[in-house]
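Remarks on the structure that follows.
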Amino acid sequence: ALVGAVDADGKSIVAGKKFTGFSNVEEDLVNGAKDIPFSLEDKLQALGGKYEKAAEPWGSHVVVDGNLLTGQNPASAEPLGQAILKALK
């Protein structure tokens, strides 16, 4: 994840940016929370990011904020790929 990435001023690169990623609910549904050091949703929000998610767990959700393109979960892979192709044109 991008949790340790900072800009030239030492500020998190996700601060003020919209993004998505595996939600807390999705982690709980796969019993994955016990296997990870932190919740991505919580950590990136704590760093100043603006987390968005699909209306339902496992729903496809893609967020584009400038050069930051993120997908929530495996269901988001194809639409994220399409967003990347669009951004490269």
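Non-local amide H neighbours of Asn73 (under 5 Å, H modeled in plane, Pro and chain starts lacking H): which ones?
Result for Asn73 returns His61.
Structure shown: which of Lys53/Lys86; Lys11/Lys89; Lys17/Lys89; Lys11/Lys43 lie over 25 Å apart, alpha-carbon to alpha-carbon?
Beyond 25 Å between Cα atoms: Lys11/Lys89.
Please turn the phi angles of region 10-19 into ³J(HN,Hα) values with the Karplus equation 6.51 cos²θ - 1.76 cosθ + 1.60 (θ = phi - 60°), one per residue in order, whole Hz, x for glycine and proline.
Those phi angles translate into x, 8, 4, 6, 8, 4, x, 9, 8, 7 Hz.
For region 1-63, evaluate the Debye formula with one uniform point scatterer on each Cα (no solvent term) and list log10 I(q)/I(0) at q = 0.18, 0.21 Å⁻¹, rounded to two decimals.
For region 1-63, the Cα-only Debye profile gives -0.66, -0.85.
For Lys50, which sequence-distant residues (separation of 5 or more, or a different chain) have an amide H within less than 5 Å of its own amide H, given hydrogens modelled in the peptide plane?
Gly16, Lys17, Lys18, Phe19
Which of these, Pro74, Pro37, Pro57, has the largest mean-square fluctuation under a Gaussian network model of the chain (Cα springs below 10 Å)?
Judging by the Gaussian network model, the answer is Pro37.
Each residue of region 41-57 in order: what ³J(HN,Hα) in whole Hz does its phi give by Karplus 6.51 cos²θ - 1.76 cosθ + 1.60, θ = phi - 60°, with x for Gly and Pro?
4, 5, 5, 5, 5, 5, 7, x, x, 10, 6, 10, 8, 5, 4, 10, x
Every read-out reported here was derived from the displayed coordinates using simple, explicitly stated rules and does not represent laboratory data. Fair warning: this is a prediction, and the values are worked out from it, not measured in the lab.
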